Amino acid sequence: CSNCVYPPDSVWAPATYDTVLQMEYLDMVVNETLRLYPIAGRLARVCKKDVEINGLPIRKGTVVMIPSFVLHRNPQHWPEPEEFRPERFSKQNKDSIDPYMYMPFGNGPRNCIGMRFALMNMKVALVKVMQNFSFQPCKETQIPLKLADQGLLQPEKPVILKAVCRDGTISGA
């Protein structure tokens, strides 16, 4: 906002590629957010040859739907799956995550080609916004958030927040 007073560079790290890569907690928060709210709730793949998985035959040409939203909330793999816990993606815990239980961008040779670009853009945007604003829910904000029944994840009702410049002025009120 035009009224915001930007602190000197010594207070905020510039949102460069290298500094964003060093922000471990930011990485954990983004990964946990994508676990709870993957961009696409399901992935589709076409079976390239006849296979059998756990006694279930899948014929060549069959479209197989992979429910990433459901996998990301499976209590057998994610203790307290509805809880927002960024620590799941800490350096100590990251290696224990099954790569086929966490796939916000797909997995394997056909995962999203823009994954790294998208992740970096998300992180830089978060850093820049959070350096200048804090956010507060409004009375119209639906808590807890309820998701619409559609292919792409989106809330049933708009998320309404009050943005407060870090200098104390309110934006968008």
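Only loop residues by DSSP count here, and only those with at most 11 other Cβ atoms within 10 Å; note down the trypsin sites (Lys or Arg not before Pro) in region 19-95 that meet that.
Details: sites: R35, R42, R45, K48, K49, R59, K60, R73, R88, K91, K94; in loops: R42, K48, K49, R59, K60, R73.
For trypsin sites (Lys or Arg not before Pro) across region 19-95 that sit outside H, G, I, E and B with at most 11 neighbouring Cβ atoms in 10 Å, the list reads K48, K49, R59, K60.
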Worksheet item: Under the Karplus relation 6.51 cos²θ - 1.76 cosθ + 1.60, θ = phi - 60°, what is the ordered set of whole-Hz ³J(HN,Hα) values for region 74-79, x standing for Gly and Pro?
Response: 6, x, 5, 10, 10, x
Worksheet entry | Those lysines that a straight Cα-Cα span of less than 27 Å connects to K91, excepting residues fewer than 8 apart in one chain | K123, K128
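Report the longest stretch of the chain that contains none of the chymotrypsin sites (Phe, Trp or Tyr not before Pro) sitting in a DSSP loop with at most 15 other Cβ atoms within 10 Å. Let's see the in-between values first.
Working: sites that count: F84, Y100.
Longest run free of exposed loop sites: 1-83.
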Fill in: Residues whose placed amide H lies under 5 Å from that of R166, excluding near-sequence neighbours
F133, S134
Practice prompt. Could you tell me which label, among [x] 1.26; [y] 1.04; [z] 1.13, carries the value of Cα Rg over 2.2 N^0.38 Å calculated for this structure?
Written response: [x]
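Within region 66-151, which GluC sites (Glu not before Pro) sit in a loop by DSSP and count at most 16 neighbouring Cβ atoms inside 10 Å? Before the final figure, lay out the partial values.
Values: sites: E82, E83, E87, E140; in loops: E82, E83, E140.
Sites meeting the loop and neighbour criteria: E82, E83, E140.
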Worksheet item: When the Karplus curve 6.51 cos²θ - 1.76 cosθ + 1.60 is applied with θ = phi - 60°, which whole-Hz ³J(HN,Hα) does each residue of region 22-39 get, with x for Gly and Pro?
Response: 7, 7, 5, 5, 4, 4, 5, 5, 5, 5, 5, 5, 5, 5, 6, 10, x, 4
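Pairs of Cα atoms under 8 Å, at least six residues apart: use those to get the relative contact order of region 17-132, whole percent.
Values: 119 pairs, mean separation 34.5, N = 116.
Relative contact order for region 17-132 comes out at 30 percent.
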Item to complete: For L43, list long-range residues whose amide hydrogen, built 1.01 Å from N in the peptide plane, is under 5 Å from its own amide hydrogen.
Response: I66, S68
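Can you give the helix-only mean residue ellipticity at 222 nm for the chain, where every DSSP H stretch with n ≥ 4 adds -39500 (n - 2.57) and the sum goes over all residues, rounded to the nearest 500 deg cm²/dmol?
Details: 5 runs with 45 residues, N = 173.
Result for the chain, helices only: -7500 deg cm²/dmol.
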Worksheet, complete the sentence: Which residues qualify? For I58, with a placed amide H closer than 5 Å and at least 5 residues away or on another chain, they are V51, E52, I53
Worksheet entry | lysines whose Cα lies under 18 Å from that of K146, excluding same-chain neighbours fewer than 8 positions away | K157
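Just so you know, all these numbers are worked out from the coordinates, no wet-lab data involved. All values reported here derive from a predicted model rather than from experimental measurement. A quick note on method: Cβ atoms are made from the backbone with ideal geometry, for glycine too, and the neighbour counts reach across all protein chains shown.
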